[in-house]
Every structure is written in structure tokens, then in C-alpha cells.
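Below is one structure, written out as C-alpha cells, with a few remarks after it.
The values are calculated or read from the model by the stated rules, or taken from the named source; none is laboratory data. None of these values were measured; they are calculated from a predicted model. All Cβ positions, glycine included, derive from the backbone under ideal geometry; neighbour counts span all protein chains shown.
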Amino acid sequence: MTATKACDSASTAPESSANDNIQPFYLLHKASTPRNSGRKSAAARTIDLSPSKPSSSTTTTNPQFDPHKAFQSVWSRIDSAIKDVLRDVNTNVFNEIHSWVRQSFLAVTSSGVPTFAEATKSFPILNHATSKQLFTGLVLIKNMEFVDDLLTFEELGLFLKSHACHVANLSSLDLSTKNGVGGCLRSLLRQFLTVTLDAVDISILASWYREYGNPNSPVIIIVEDMERCSRSVLSDFILMLSEWVVKIPMILIMGVTTLDAPKTVLPSHVLQQLCPSKFTLGSPAERMDAVVEAALVRWCSGFSIGHKVAVFLRNYFLNHDGTLASFIRALKIACAQHFSIEPLSSVLGLLAEEDSEDERVLALSSGMAAQIDSNLASCLTELKRSQKCWGIVVMCLYKAGKYSKVQLLDLLCEALDPDIYKSIASDTRTRSGKGFEISSSSNHSMAQQYLRKDGPISQAIEKVRDLPASPLSQLLKSWENLTVDILEINVKVKELQPMIKLEEGKSLKQDFTDLAKRHTSRTAANIKESKTINEKAATLLANLVRDFMRPIECIPFHEIACFKDVEKLQSALTGDPRRRIQVDLLEFHEFLRCKCCSRSCNIPLQSMPDTSIMYTLAQEHGDLINLHDWFQSFKTIVMNPSSKCRRKGKQSSFPKKRKETNEHENKSESSLQARLCRAVTELQITGLIRMPSKRRPDFVQRVAFGL
Amino acid sequence: MEINEGDDDEFGFSRNYFLAKELGGSAKKSTRKLSDIDLVDEQELRIAAANIEPKHEKEIDELMSSYKTLYPRWVFELRCGFGLLMYGFGSKKALIEDFASTALTEYSVIVINGYLQSINIKQVLIALAELVWNQLRTKRKNPSGNLSTGQQPFNSRSMDDLLAFLDEPQAEENDGFICIVVHNIDGPGLRDSETQQILARLASCSRIRIVASIDHVNATLLWDKKMVHTQFNWCWYHVPTFAAYKVEGMFFPLILANGNTGQGAKTAALVLLSLTPNAQSVFRVLAEYQLSHPDEEGMPVENLYTTCRERFLASSQVTLNSHLIEFKDHELVKTRRHSDGQDCLYIPLTAEALEKLLLEIS
């Protein structure tokens, strides 16, 4: 069937819906309104959740009030922040790879450039054996899953392209047995020549390189997931490349999860052609910290998550699949749900825009304040300020916690917990009578007693106490940089700086005087002094936690920015079809809410849907269900409405001899059998049973056991 | 805590499995046969199946309309770039189509019926590309839109080209997408991994959004992490409808009509009646032998030939072979190797069915 046919049939769709059911595909309808006119107002009408007056003037002058636009602007900020940090994590490796590429290119071309005729001949003439060596970069992925590194390799490609290389990315899909070497070549030519050819040959690539390629640029081929490629295809591909490497300066880059992967995947004669170098990408934990910092701690977008959501995200990351991609996806879903649920959230879109203009402006601009209620505006300003402080304190904690390997995600979960903060705050108020006052003399353990003993926050504070002088000074410096925007904190940190300098000077002198006996030569006073500095730093940190780390859920109007609905997020993120479909069948009453079946307690009733009856009955069987028995018990239930009580508890599938009232006799046998057939088909569609095999024609097989 | 719960689940699951196995093994397995039931004719069964009176119609209608409140959220999430995946018991065809035709009127919608056996995914791509191209053409009437009209027609392009065309970044608006509704993305016609890969790539195209439904409990096994996290980008929705799988179940064999004795015998009878009387008699010889020697693997070819010669049914090995080929083509007769090495012929039907069959052709 052709596409036009499908479209034709769709034009008469409403009448011929029965016909549509058996079409493989059809056009349901075309876009109704012309898209280039009135687009925005139409969009605002469909999902008008925003409380703003939907007059045409607001929609045009202030598109940010549309929740979708707000989502776009907020998510694009989060997304670009994440991409930036991931790129930063990889910068060093990328630079390393680039310089290696340059060296290899020189090595390849050093043996002289063949003439055009030579280079495009279909059979390569080899000068000497070593020229067949193919320079290969093995990029070690510190993650079992490739999904997190797809972006990395894409970025690597772009990076090398921007450094004047010809780059093509291949994946294991291109290097599959089905596609063969021809498939890889086709994909290569597609990417370099931007045409699709039916007859592919590598000589085409050679002539393309001679004619259009930059003679100073190497041709780089990136294979993302080497271990998933077909062995034979990859071997053939590498052999082919190595034969042509004299004519086309090709360099191969492959992503691997273990360094001995080439040895296990490739045969030895192929391995001989490779001249490997190794590079290592950043670890998942490192990237995770960077992503959390960019997306959640630095309040870059205005979007934030509640404590429960953070805990859920952490557990999801740790228990579900441990990939960054799934974490980011979860965050995106949370973000989208926030904007679709929370009517005031579209204000965040404005906040995000505001931010991009000037990072440091903490107050809302007058223009924006005019658009929203002034009360709300002041609350937002407060929210923004408080979030900024919170983020800074969390970062300070993280910098300290790094020394004891605290993960930012764990820290975040604790820092977002409103209960801890509430107990600290109420305690402070009763003791000092004032809510906000930094007093370095106050007891440091006061704040800490509410924190979990081994929690990441107390760990971080403890660590500060034990830190040697030079890391401590580095830490204080990093604190100073972090807090530069918030004067109150910055001053406190700066107070500590001179002391540490003094301390540093002393220890340096000691280092010079007697390096070997440094520890023993330290005087008790010295140690004591340095301890007091540590103590002061720890107290400062504890005070910061007490005074500035207000979790977002403790701030009025946090609902605008903060997403808290864990259940919604969880259900959208991971369906659990295996369990849920069985529950649907067994507890259908929860959904249908009919009166007739409400009394049932796991006992099949006549009024229940046939498939539910059948599945409930199937629970009594083992892994094989005798069709005959199944049919008989189904028949008993359907024919005998009052059997419920008497049959209770008995699982006998044989119908008892009982005087049947004749009123149901008119239900013909055929309709009964048809109902059973339908129910079995439905169970088969859901995959809960398997049809009888040739060997056991009277039994169906149960597939799912338990919920 | 959660890890422990997970363990418990795991434990419960395996325990259930072994309990079920045990139940099947220890309790004397019921030996009752389907043929003990007085099965009705398939024709009659199909008619009856078409006329089953639905239960809980009112409640199902209410349930369906209760999902209408979710429509704005679904549209919002589609616009945000997610795909929607509907699951839960009951046919979701009507629900999704209602959603598409009421809430997605601004977007073109193409429906793929995944429950059908054969779907040519490339045809779908071509249709999509044509649709996009027509939309672009009507939108940009001004000559500045540089659509290369001299390009190949879509139906001669490769899959990669089509996907690349659909994935072209949209110039002015990033909201003009085409929605693909896939009923039963886990259906038999789409279940192979290659089609799923193409669907995943399709789903990641900038101009495409997918709304799909799954019914199989293990549907998620179709996708790897790359597909789930970066391509399909599903938002799951549990929307049980309890509506009958009328269309979806259309092509499933009825369990009481297929594979049982009556059916096999009936088709065999139809075939045999169309053959010559001689051929029928050869078949009868074979059948009678099988009925009288129920424990043997089958009738050796030599035996059959001698018997047929005796009864003047076949004059030579060649004529007998022509009959046998006919039987084998219609799967009336199969061969298997006897324990002493010679080839045996047998009829793949049960004894009862065979008796019935002999009665019918006599």
C-alpha cells in the first residue's frame, strides 16, 4: 500500500473507521489551523493554566506567561548548564585526544603523500609494512552503560571538527552483521559526502578527500561502542581502513569499557594493524556531582525540587540504573510536570529571563514586578536571595566534604530536608531570641545535634576540623570565591583568611627548617593554634548551615519554584506494566467502581469482567492450566450467580452436582465458549499466558507469577 | 530500606514462581482433555464472539471520560518533547484516538495499528515525510523558503535520508510537530528489534512526537537504555480502560477453535474430499494402519507400497509417491525416522480425530 493511498483513505476517516482498523497506518487528521498565524494564542488557549488574564495583549506582549514557554526557557537553561559542565569535565581529555590526533596525522603523512591517481586507484600499493598501521585511540568509559557517553562522543566529534578535522561518528548499529562493511562505508560516505550512494567503495572516499578534503586535516572515524559491534564486521572494517590509511590519513577512535576489549573482540592479525593509545573519560560520580551542582545547587534556572523528590531521585539513580541520562530525564520530567501542575510556576520563566540579563541582580526589575503582584514579587525576591545563600552554603559544605568523599547528591538530600532546618531554627530562636545572627562564639554542636550523625553535612563539618593547614587554606580560598556575592558570609570567611596565612607561613618555615622531623618538631602550641583555626572554620560552617541554609520548602511561596509531587514523577518516569496490569485485572473494582462487584473479596463473581474472572481463576493453578478445568470453573461462576458464598474457600475446579435453576440455561454454550475465547485472547495480548504447545494441547502456560 | 524492600519483592517473586511450579508438579496434573467439552463449531464461535454482551459499559464510559481531564497535561508534555506511553488493562485505542482527535487538532496525526501482523515501516516514513513536506510547502509560500524541489521523490530515498529529513531542525517554530499514534507499539508487527530501532530514531526526530500504547506485561524488554532515555523519552501513564480488545484480538486464533481435534480433522477432510478416490483410499490405508498400531512411529513406506499394490491402489512406486507428495503438501502426512532407521509415514492427528475423519470421507 502506498502512502498516498493511506492519505486518501484518511480523507474519509470518520465513515470508514472500521476500515481504518485494518489499515497498517493512516492519517487521522491534518493540522487544522494554519500554523504561521495566531500560533501563540492558540497554544495559550489549549493549556491555559496560568492565572494571568488571557487577553490577547498579554499573550503577545508577555509570552512568558505561557507555561510551555516558561518550561522551554527554564529547561533550556538547565540543559545548557548541564551540557556545559559535562563538556568541562571532558575538556582535558578532549585536548589530549586532539594533540594525539595531530601527532598521529604527522606520523601518517610523513611517509609522503601519494599522487591523485595513486590515491584513488581501487587497489592500494603498499610501500612498506609499517605504513599499514592504523592509529587508534581507545577511549575508556568508566561506566557499563554507553548511554551516558553518547553525548560525549558527539561532543568529541564536534570538538575535533572545530579543530579542522573531518569527523564521522559510527555506532554499533552501523557495524552490525546485517549491514556489513558496506553499511559502515555507506554511513561514512553519508557523513562525509552528504549523499547516499547505492554502490559504495572506499575509493570514493579517497577521491573525495583528494578533491574536497583539506589536505591538512586527518579523517577521524569515531566508533562509539566498540564492544557492541559485530566482531567480524569490525575486523573487516579495520583491515580495510588500514589498507587505505596511506591514501587517506584515517585515525580511528573507539569507545571501550575495558582496556583489553580490543584483545577480546578482535583477532590477532587485526590487532597487529592497530597502533593504540589510551584515554580515560571522567567517572560517573564526578559527572554526577557536576550535573547536580549545575542543575540544582546553583540556582541557575529558578526551578528546584523538594526534599522528597531529591531523595527519590537519588534512590532512582542508585537503585534503578545508575546512568546520568536517566537522572537528567527524571529531572526534565519533574520540570515539565511542575509547569503543567503549578499555575504560578510560569513566573519562573520570567525569573529565568531576568537572570540571563544580569546574574548578580538579586532584586526583580521594576518591569517584571509591575507585571505580577507586588506582594508576590517581594516574596520571589526573598526566595531568590535565600536560594542563592542556600546554594552557596551547600557548595561550601561540598568543598569541605570532598575531602571525605561526600557525594553532592547525598549532601543535597540532607540540605533540602525541611525537618532538620525547622528543628535547628526553632532551637536557635528559643536560645538566643533572635533568628538571624551570626555569632561565632555560639556552640557549634547546637546546629549539629539535629543533623544525622553520619550524615554528609556533619561529615563535612567534621572534616574541616581535621583538615591539615594547606588544604584548609585552599578550602577557605574556595569559600571566599564562592561567597563573593553574599557580603555577610564573605566577610566572615575573610576574617579567617589572615589567620590561615599566618599559619601557612609557619608551617612553610618548618618545612624548610626540618622537613623530616616536621611532625615531631611541632610544638604543642602550634598544634593548638592550628586546631583553633580548624575549630573556627568548622564553627563558621556550622553557623552558615544554621543561618543561611534554609531549604526551599521552608520559604513562603516556594511552591512557585519547587516541585514536590513524588508520586506523579514516579508514575511518569517508570511504569510498572508487569505489576500494574495484573493488579488491574485482580482489583478492577478500584477503577470501575461498580456496585455489583464491590462485595467480592478475591472470589470471582458473575458480574466481573470475563478476563478478570479467568485471571482470578488462573491464580489457583500452577504453571500449567488445564483448559478443560478452566472452562468448567468459568462456566460454574458465570452460570451460577449465588454460588459465591457456598463456594467460598473451596478451590475445586470441578462443578458440584447441584440442581441448577434453569433460568441461565438459555445462555447458550456457544456464547460461553466465545467468552472464554475472548478472555483467553485478552490474557494472551497482555502476555500473561502462553497458548498451548503442540506437546501439551490441553494446557495453557502461565507466564507471570505473583505481582 | 528500599533495597530491602526490593529484596523482599524479589524473594516473593521467586517464591511465587516455585510455588506455582510445585503446584503443577505435585498435585496430580489434571488429565482432562479439551475434547471432553462439547465444542461448538468455529463459525458459530466467531459469531458468538462478535455478539458478546459487554459488561460494565456505564462504568467503562465513566472511566474513559475521567481520563479527559488529563488531556491538557498530555498535550503539554508532548509539546515539551516527551513521548506518551499508555499502559494498563483494556483496549486504549478508543481513548488515544479520542485524545488525538479532540486535543491534538492543531497537529497532524498519523495512526499506526501495531496490532496488525504486517506493517511496512518504510511506507510510514515516506508518508510522514510527504506530510511534512506538504506542510512546509503550504507554510512557506514566499520564495525565501529554499526547499530543494529537485530532490528525489521520497519513496526512492533510503531510510536514513528519510529520518534525516524528519530530523531537520525547524527554522522558525519548534512547535510544529507531527504526532504519531502507535496502537500496540509492542504488537506483533512491530515487535522485532529493527523496527523498534527505527521507531526510536523516529521518536527522537525534532518534528515527530509519539503517543503509544502497550499491552504486554514485558513490553519494556523491547527497548535498551539508549532508546528509553534518549530517544523515546517516555512519560508513562497508567490508564486502564477495561474496554474489550476487539480489534487488537481480531487476528488471534480462538483457543477453543484452533489446534483441537475437530479442526484438524475438518481441514483434512476438506482436502481429502478434493482428491481422487484412489488417493483417498491410500490415505485410508495409512490411517487404518496407524489406528491399529497406536504405539508405532508410523507406517514404513515399503509396507504402504505393498499394501497399496495388493489393493490395486497404486501400480508403481511413482504413482504412490505422487499421492504422498500431495498429502505432505497439505500436511496430512508427515515422515519421521523409525528407530531401526527406515522412514515412516504418519498422520499428525489424534486417534479420535482420525476416526472422525475416516467416517467423514467414507
>> Among the residues of the range A:62-80, are any among the β-branched types (Val, Ile, Thr), at pLDDT 70 or above and in contact with a Phe, Trp or Tyr (Cβ under 7 Å, 6 or more places away or on another chain)?
In response: yes
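Kindly indicate which of A:305, A:333 is within 12 Å of chain B (Cβ to nearest Cβ) and at pLDDT 85 or above. If you could, list the steps in order and put the result at the bottom.
Working: A:305 fails: within 12 Å of chain B (Cβ to nearest Cβ).
Step by step, each of A:305, A:333 is checked, and only A:333 is within 12 Å of chain B (Cβ to nearest Cβ) and at pLDDT 85 or above.
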>> Every residue in the range B:87-97 that is more than 19 Å from the chain's Cα centre (by Cα) and either surrounded by 24 or more Cβ atoms within 10 Å (Cβ to Cβ) or of a type in the set (A, V, I, L, M) (or both), please.
In response: B:94, B:95, B:96
> How about the range B:112-123: which of its residues are crowded, with 24+ Cβ neighbours inside 10 Å and at the interface with chain A (Cβ under 7 Å from one of its Cβ atoms)?
Replying inline: B:112
>> Condition first: closer than 16 Å to residue B:101 by Cα, more than 9 Å from chain A (Cβ to nearest Cβ) and not aromatic (Phe, Trp, Tyr). Now tell me which residues in the range B:54-85 satisfy that.
In response: B:64, B:65, B:68, B:69, B:70, B:78, B:84
> Regarding residue A:583, is this residue modelled with pLDDT of 80 or more and more than 30 Å from residue A:631 (Cα to Cα)?
Replying inline: no
>> Could you go through the range B:10-21 and let me know if any residue there is within 27 Å of the chain's Cα centre (by Cα), at pLDDT 75 or above and within 29 Å of residue A:693 (Cα to Cα).
In response: no
> residue B:145 fails exactly one of the following numbered conditions: (1) touching a Gly at 6+ places or on another chain (Cβ under 9 Å); (2) at pLDDT below 90. What is the number of that condition?
Replying inline: (1)
> If you go through the range A:339-348, how many residues are within 11 Å of another protein chain (Cβ to nearest Cβ) and not small (Gly, Ala, Ser)?
Replying inline: 2
>> Whether any residue in the range A:670-688 is modelled with pLDDT under 85 and within 13 Å of chain B (Cβ to nearest Cβ) is what I want to check.
In response: yes
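Which of the residues spanning the range B:212-243 are aliphatic (A, V, I, L, M), under 21 Å from residue B:91 (Cα atoms) and within 11 Å of another protein chain (Cβ to nearest Cβ)?
First pass over the range B:212-243, keeping only residues aliphatic (A, V, I, L, M): B:212, B:214, B:217, B:219, B:221-222, B:227-228, B:239, B:243.
So of that shortlist, the ones also under 21 Å from residue B:91 (Cα atoms) come out as B:212, B:214, B:217, B:219, B:221-222, B:239, B:243.
Hits for the range B:212-243 are B:214, B:217, B:219, B:221, B:239, B:243.
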> How many residues are among the β-branched types (Val, Ile, Thr) and either under 16 Å from residue B:243 (Cα atoms) or surrounded by fewer than 18 Cβ atoms within 10 Å (Cβ to Cβ) (or both) if we restrict to the range A:544-582?
Replying inline: 2
> What single numbered condition from (1) more than 8 Å from chain A (Cβ to nearest Cβ); (2) touching a Phe, Trp or Tyr at 6+ places or on another chain (Cβ under 6 Å) fails to hold for residue B:248?
Replying inline: (1)
>> So residue B:91 passes all but one of these: (1) touching a residue at least 40 places away in the same chain (Cβ under 8 Å); (2) more than 7 Å from every other protein chain (Cβ to nearest Cβ); (3) assigned to a helix (DSSP H, G or I). Which condition number does it fail?
In response: (3)
>> Tell me whether the range A:379-387 contains one or more residues that are under 24 Å from the mean Cα position of the chain (by Cα) and either at positive phi or at pLDDT below 90 (or both).
In response: yes
> Is there a residue in the range B:100-111 that is more than 8 Å from chain A (Cβ to nearest Cβ), outside any loop (DSSP other than H, G, I, E, B), modelled with pLDDT of 85 or more and surrounded by fewer than 22 Cβ atoms within 10 Å (Cβ to Cβ)?
Replying inline: yes
>> If residue A:608 satisfies all but one of (1) surrounded by 23 or more Cβ atoms within 10 Å (Cβ to Cβ); (2) at pLDDT 90 or above, what's the number of the condition it fails?
In response: (2)
> For residue A:192, are the conditions met, namely being of a type in the set (Phe, Trp, Tyr), under 37 Å from the mean Cα position of the chain (by Cα) and crowded, with 22+ Cβ neighbours inside 10 Å?
Replying inline: no
> What number of residues in the range B:196-208 are touching a residue at least 60 places away in the same chain (Cβ under 8 Å) and within 13 Å of another protein chain (Cβ to nearest Cβ)?
Replying inline: 4
>> Checking residue B:201 against (1) within 29 Å of residue B:68 (Cβ to Cβ); (2) more than 17 Å from the chain's Cα centre (by Cα); (3) not in a loop (DSSP other than H, G, I, E, B), only one condition comes out false. Which one?
In response: (1)
> Counting only residues that are more than 7 Å from chain B (Cβ to nearest Cβ) and either free of Cβ contacts under 8 Å to residues at least 24 places away in the same chain or in contact with a Pro (Cβ under 8 Å, 6 or more places away or on another chain) (or both), how many does the range A:580-597 have?
Replying inline: 6
> When residue A:450 is evaluated against the numbered criteria (1) assigned to a loop (DSSP other than H, G, I, E, B); (2) modelled with pLDDT under 60, which criterion, by number, is the only one it fails?
Replying inline: (2)
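Output the helices (runs of 4 or more DSSP H) that fall wholly within the range A:203-309 and possess 3 or more residues being surrounded by 21 or more Cβ atoms within 10 Å (Cβ to Cβ), or say none. Even if it seems obvious, please write down each step before you answer.
Numbers: elements: A:231-244, A:261-265, A:268-271, A:284-292.
Result: A:231-244, A:284-292.
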>> Between a residue in the range B:220-231 that is modelled with pLDDT under 90 and any residue that is of a type in the set (Asp, Glu), which pairs come within a Cβ distance under 6 Å, given they are 6 or more apart or on different chains?
In response: B:225/A:145
> Among the residues of the range B:48-63, how many are surrounded by fewer than 20 Cβ atoms within 10 Å (Cβ to Cβ), under 26 Å from the mean Cα position of the chain (by Cα) and assigned to a helix (DSSP H, G or I)?
Replying inline: 1
>> Can you tell me which residue is nearest to the other protein chains (Cβ to nearest Cβ) among those in the range A:153-173 that are touching a residue at least 60 places away in the same chain (Cβ under 8 Å) and out of contact with any Asp or Glu (no Cβ under 9 Å at 6 or more places or on another chain)?
In response: A:155
> When only residues in the range B:311-343 that are over 15 Å from residue B:279 (Cα atoms) and of a type outside the set (S, T, N, Q) count, which is surrounded by the fewest Cβ atoms within 10 Å (Cβ to Cβ)?
Replying inline: B:341
